Amino acid sequence: MNHAAIKQRAGRVAAWLLVATMAACGGGGGSTATNDPAPAAACDPTDATTFEACGTVLVGLTDADGDFITYTVDVVQLTLTTASGRVVEALPRSTRIDFADYVDLTELLTAATVPPATYVSGTITLDYANAEVYVETGGEATEAVVTDHDGNALARTELDIVLSDRDRLVVTRGRPALLQLDFDLAASHLVDLAATPVTAAVEPFIVAEVAPVEEKDMRVRGPLVSVNEDDGSYIVAIRPFHDHDGDFGRVSVHTTDDTEFEVDGIPFLGSEGLRALGAAGPGTPTVAAGTLDVVSRTFTAHTTLAGSSVPGSDFDAVVGNVIARDGNFLTVRGAKLIPWNRIAHFHDDIVVEVGPNTTVLRDGDRGADLDTGAISIGQRVTVRGAQLGGSVTDARSPQILFDATEGAVRLHLTRVSGVVNSVIDGQTDITLHSIDRRRVSVFDFAGTGMSPDLDAAPDNYEIATGDLAVDSAAAGQPIVARGFPAAFGAAPPDFNGRTIVDYSRVRSALGVGWGAGGTTTPFTMLDTTGLLLDNRNPDIDARRFIKQGPVLTDLTTLGTNTLIEPATDGRALFYIRSRASLQLYTDYGDFLVDLAERLDGVTPARSVHARGHYDAASNILTANKIGIHLVEP
């Protein structure tokens, strides 16, 4: 489609919008903007006597993969606006969140009681006054100061979110609606590691999805309200993240015969676990991980922790990855300390002591007979016990010691990424680049092997793949595996893979920036086939890479310009960020029309980001998410 044709279509779209707007002003029907499912006035979310006339919207928070070790801010407000202009508060109180925790899952933020209506936009407010934002420099965690693009330290920022015209949030009585908010950290920041202190200039990309493009595990936290053994479910009062109080709505958690429970440190399965949960009684802390059926809005848990098994409930807790082990002393890096009676905070290294009385459990292996020997280098863990050294209120204490000798360690699926060296039946050897997004150089593999010469080696890290399929032609290509490091002192193999994502399916991310001033010529072509980047644009800045698993490709080194083409399979989302708002599109044609109109030769583009699958041979990224930031007045 040439520019003239795009402008002609844009004119037709503008005319249609004008007619729809006039109809809305005159009270006419037929427009999505005025076709609310029920009269909003029948429901007052502040009046419990009207709740039967209200609807519910489940709001989840997640994050696209970024470069931050921790990114903790306060979410202080979330409002939704109906097509008729009514503004509804969807968050009962502020809450503190570490967005870096939510790359592989979504946290249920609230089940908000709202009037039945068609919602077309929203506003989210983030407070940075007490933010904890850290990046990795030289293997160490370095605090970053979050600023606006003018270099001013950020205190509070508000972002308007405009939903796609084709994908409005429709809330009706009797069936929960779903809204997923994705804070894309990579697209939202330009990090300057050379600055002192390190700075992260931000203009938030928070994408609101009614039908999420990516389906992730969901986590639901909160105190128990009731148990229904006959129905195989229980109800919690949502209390997201690590909040100690507040009520963010109610949600029903369904279970199956295969749902794993851990209640007060004791493992159960299926109905036995549900009975143990019921015996624990209302008010018992719970946290569940599972899947949300986006059609039925039914959440089903595959794992539920309750009582003292919930991190930060009756015991202090530490969450992070083991980077070194000396006998019974583990060094946990990227650690989040969760005191039982205070707010959680980040501390990069915590030394944990375990012993013969430490209980060891592993996700997905309820019946496994494990001891502390199962805890090896790289393993992601949640440790329950007691903090001994350092102040519980001082995140920068030089040393924190943690006693788990009478506590428990839960082993979680751990994510390793690298480049394939070779593939044989049942095993894939890789050059290891990172473990749970921390550079491999920070991990000390001494003691992992049956003898020192068999210790895990990052240049040839051996992954047992069993029956998992890995393309024999994958040598030299990126790979991602999830599973568990072999027991300490038991390698080789070094890692037992549970899931493998080979190079042909590794998610790729493109990020290109053109400085604070932007460029008026970001693309050499934009039409129905996609957006053709100008890889030689003189304004291109430090953001100019495609990241495919652990592999970074500098676009300026390629011989041809990179094509970002819209995916034709599955759900897709496109968005244009301007100074104060984010416009979403589920149809590439609509996105293209608006983008061509706005890129008028005067308005600069500051950055473009896309996610999908990259074919290096053709230099084409097939994307199901494309976003562009324009510097509009």
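Here are the numbers for the structure shown:
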read-out	value
Vicinal HN-Hα couplings computed from phi for the range 557-572 (Karplus, 6.51 cos²θ - 1.76 cosθ + 1.60; Hz; Gly/Pro x)	8, 7, x, 10, 6, 8, 9, 9, 10, x, 5, 9, 10, x, 6, 9
Cα centroid of the range 511-560 to Cα centroid of the range 291-344, whole Å	39
Under-5 Å amide H pairs with A457, H placed in peptide plane, nonlocal only	E462
Residue among S313, L78, T286 farthest towards the positive dipole end of the chain, charges placed on Cβ	L78
Sequence-separation-based contact order of the range 301-423, relative, with Cα cut under 8 Å and 6+ spacing, percent	26
Cβ-based charge dipole, the chain, positive-most Cα from F51, V322, P493	F51
Segment A194-D425, extension gain: residue separation times 0.36 nm, minus the distance between their alpha carbons	78.6 nm
DSSP bridge pairs, the range 415-501: antiparallel proportion in percent, nearest 5	90
Karplus (6.51, -1.76, 1.60) ³J(HN,Hα), θ = phi - 60°, over the range 150-162, in Hz, Gly and Pro reported as x	8, x, 7, 4, 8, 9, 8, 9, 10, 10, 7, 10, 10
Value of [θ]222 nm, deg cm²/dmol, for the chain, DSSP H segments ≥ 4, -39500 (n - 2.57) each, nearest 500	-2500 deg cm²/dmol
R0 of 35 Å, Cβ-Cβ distance T499-N152: FRET efficiency to nearest 0.05	0.20
Against the rule of thumb 2.2 N^0.38 Å, how large the Cα Rg of the range 36-209 comes out	1.14
For T520, distant residues with modelled amide H under 5 Å away	A605
Computed magnitude of the charge dipole of the range 121-220 (debye, nearest 20; Cβ of K, R +1, Cβ of D, E -1)	620
Rounded, prolate or oblate (a/c below 1.5 giving rounded, otherwise prolate when a/b exceeds b/c) for the range 248-290 by Cα gyration tensor	oblate
Förster radius 25 Å - calculated FRET efficiency between L401 and L105 (Cβ-Cβ, nearest 0.05)	0.25
Base-10 log of normalised Debye intensity for the chain (one unit scatterer per alpha-carbon) at q = 0.07, 0.08, 0.12 Å⁻¹	-0.46, -0.61, -1.39
DSSP bridge pairs, the chain: antiparallel proportion in percent, nearest 5	80
Euclidean distance of C-alpha centroids, the range 79-130 and the range 181-214, integer Å	17
Kyte-Doolittle mean at least -0.5 and Cα axial length at least 18 Å: DSSP H helices in the chain	3-26
Where GluC sites (Glu not before Pro) in DSSP loops with at most 16 other Cβ within 10 Å are excluded, longest remaining stretch of the chain	230-633
Cα shape, the range 508-630, gyration tensor, a/c 1.5 rule	oblate
Fully extended contour minus Cα-Cα distance, from R579 to R173, at 0.36 nm per residue	142.6 nm
Efficiency of FRET between E632 and D587 - r from beta-carbon atoms, R0 35 angstrom, step 0.05	0.95
Dipole magnitude of the range 415-501 about its Cα centre (Cβ charges: Lys, Arg +1; Asp, Glu -1), debye to nearest 20	460
Estimated distance in nm for a label pair at L454 and R439, the labels positioned 7 Å out from Cα along Cα-to-Cβ	3.1
Paramagnetic reach from R571 (point 7 Å along Cα→Cβ, amide N under 19 Å) across the range 69-104	102-104
Extension gain (nm, one decimal) between S271 and F51, 0.36 nm per residue minus Cα-Cα	76.0 nm
Dipole moment magnitude, nearest 20 debye, the chain about Cα centre, only Lys, Arg, Asp, Glu C-beta charged	1400
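Computed from the coordinates by the stated procedures, all read-outs in this text should not be read as laboratory data. Computed from a predicted model, the values in this text were never measured in an experiment. Reconstructed Cβ throughout: ideal geometry from the backbone, glycine too, with neighbour counts over all protein chains shown.
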